[in-house]
Amino acid sequence: MSQAPRKISILGSTGSVGTSTVKVLQAQSEPYNVQVLTANSNVTLLAEQAKMLNASHAVIADAALYDDLKSILSGTNIKVSAGETALHEAAAIPADWIMAAIVGMAGLKPLMIALEQGTTVAIANKEPLVAAGELVLKTAAGHGATILPIDSEHNAVFQVFERTNKEAIERIILTASGGPFRTKLLAALRDVTPDQALAHPNWSMGDKISIDSATMMNKALEVIEAHYLFDLPASQIDVLVHPQSIIHSMVEYHDGSILAQMGAADMCTPITNALGWPKRLKTPGKKLDFKTMNRFDFEPVDDQKFPAVQTAYACLKSGQAACIAMNAANEAAVAAFLNHKIAFLDIHAYVSEGLKIDMPSTLSSLDDIVAFDNFVRAQVESCMMNSSSSSIMKS
Ligand code: NAD
Ligand code: MG
């Protein structure tokens, strides 16, 4: 007896991971029923995707865009809704596989609601794991949901991590490309522009994560993400710069064996892996060609130039409040940098400012976490408003 097509939802379908997910779905021979597609403001692309995939629901988070979406989708059977509540309701629509690909803490509530369905949730959206990892995992376990990591490093570890042999694991090694400024001197980073920072050498990604890669805050977030996803202490999570982005991460076992996952720098691979898991499907993405590769390089992180990674280790040691503060301050600072309000090196300076805030000792509920996240953002934003146009790094 043939099985009914799987029901699929994509939260954040218009973004970089979202559009790769659409591409992966379209390349499959197996039929899917697309339930929900969501976006923040890109009405045109959302409507196009919804028509192409014959989705049941299209949700735009910006409530002011309801009429626009409604009019493009008039004459179709696609249900249209808008606003934050609609986004939350959409995350609760039953699906067998949900991609969480919203960027930043905006994705936390939809992710929690998706997990409460007790279904399979592929998580690209790393910020909620950083700020609320324990709650996310507890919610998944409490509702019987399965989390599949999409971040390429975590998906790589997931593929070579022997769950039944966890005590034999020495450490995991998260690889990092080093970003567009790996070879620049620290002094040269003072004046880099958003456009320069957005130009990642290996990966094509959304703006926020591209800036995070340039500061290496992305790897900082990933250390915390790995701590939660693989239940490992900071002492068993290492970071190694590998500029070619071919080895996406490794697991070292006590017997000296190191298992690595390799592939092209293309998010279609981890997405295809998660869509097929535990089977393996065909990727429509790039494949590795060993004939065109002539070397694998590795180097340690330059902590002077990229202090974010050490900041993440300090936050893990300090506790959840520090992880929330690091992430919230970074989101606020990255937005300001993209808007030409602060300089590149100020991003980490404002993260440090955020970490000076008094840390609450208990943050058990979702509301507590969201409230503290908002508080840190507001503090950092007011700190940015109050500092002169000359950067705080220069003062
Ligand atoms: P993106 O900016 O390209 O896309 C973000 C998506 O979220 C869009 O669909 C956008 O409409 C939606 N969105 C943004 N703000 C929203 C809001 N306030 N409410 C509702 N929806 C909102 O981002 P991306 O690069 O695809 O990254 C998505 C997430 O995946 C991030 O957390 C990122 O760190 C993680 N990730 C991305 C990549 C990558 O290659 N892009 C790799 C690994 C992990
Ligand atoms: Mg990554």
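At-a-glance table
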read-out: Residue check for residue 96: more than 26 Å from residue 155 (Cβ to Cβ) and among the charged types (D, E, K, R); value: no
read-out: Subset of the range 276-324 (residues that are among the aromatic types (Phe, Trp, Tyr) and in contact with a helix residue (DSSP H, G or I) (Cβ under 9 Å, 6 or more places away or on another chain)); value: 277, 306, 313
read-out: Subset tally (residues that are part of a helix (DSSP H, G or I) and closer than 26 Å to residue 146 by Cβ) for the range 51-84; value: 1
read-out: Selection count, the range 13-49, where residues are within 16 Å of ligand 2 (Cβ to nearest atom) and part of a loop (DSSP other than H, G, I, E, B); value: 1
read-out: Residues located in the range 191-212, provided they are near ligand 1 (Cβ under 9 Å from one of its atoms) and touching a residue at least 24 places away in the same chain (Cβ under 8 Å); value: 203, 204, 205, 206, 207, 208, 209, 212
read-out: Among the residues listed as 134, 167, the single one being away from ligand 2 (no atom under 14 Å from the Cβ) and either in contact (Cβ under 8 Å) with a residue 24 or more places away in the chain or of a type in the set (A, V, I, L, M, F, W, C) (or both); value: 134
read-out: Candidate set: the range 355-369, residues that are of a type outside the set (A, V, I, L, M, F, W, C) and not in a helix (DSSP H, G or I); chosen: the one surrounded by the most Cβ atoms within 10 Å (Cβ to Cβ); value: 360
read-out: Conditions (1) assigned to a helix (DSSP H, G or I); (2) more than 16 Å from ligand 1 (Cβ to nearest atom); (3) closer than 28 Å to residue 105 by Cβ: number failed by residue 188; value: (3)
read-out: Residues satisfying the stated conditions in the range 216-247, i.e. more than 18 Å from residue 105 (Cβ to Cβ) and polar (S, T, N, Q); value: 235, 236, 244, 245
read-out: Criterion (crowded, with 17+ Cβ neighbours inside 10 Å, over 22 Å from residue 305 (Cβ atoms) and of a type outside the set (D, E, K, R)) met by exactly one of 135, 174, 189, 221; value: 135
read-out: Test: residue in the range 344-354 that is in contact with a strand residue (DSSP E or B) (Cβ under 9 Å, 6 or more places away or on another chain) and surrounded by fewer than 18 Cβ atoms within 10 Å (Cβ to Cβ); value: no
read-out: Of all residues in the range 1-12 being more than 8 Å from ligand 1 (Cβ to nearest atom) and part of a loop (DSSP other than H, G, I, E, B), the one that is farthest from residue 273 (Cα to Cα); value: 1
read-out: Conditions (1) surrounded by fewer than 23 Cβ atoms within 10 Å (Cβ to Cβ); (2) touching a strand residue (DSSP E or B) at 6+ places or on another chain (Cβ under 6 Å): number failed by residue 125; value: (1)
read-out: Odd one out for residue 148 among (1) buried (at least 16 other Cβ atoms within 10 Å of the Cβ); (2) in contact with a strand residue (DSSP E or B) (Cβ under 8 Å, 6 or more places away or on another chain); (3) over 21 Å from residue 273 (Cβ atoms); value: (3)
read-out: Every residue from the range 267-282 that is in contact (Cβ under 8 Å) with a residue 40 or more places away in the chain and either within 23 Å of residue 11 (Cβ to Cβ) or touching a Ser or Thr at 6+ places or on another chain (Cβ under 6 Å) (or both); value: 267, 268, 269, 270, 271, 272, 273, 274, 275, 277, 281
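Conditions tested, residue by residue: (1) outside any loop (DSSP other than H, G, I, E, B); (2) away from ligand 2 (no atom under 16 Å from the Cβ); (3) out of contact with any strand residue (DSSP E or B) (no Cβ under 7 Å at 6 or more places or on another chain).
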| site | (1), (2), (3) |
| --- | --- |
| 305 | no, yes, yes |
| 314 | yes, yes, yes |
| 334 | yes, no, yes |
| 373 | yes, yes, yes |
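All of the numbers you see were taken from the coordinates with simple rules; none came from a lab. Remember, predicted model here, so these are calculated numbers, not experimental data. Because the Cβ atoms are built from the backbone with ideal geometry, glycine has one as well, and the counts that use them run over all protein chains shown.
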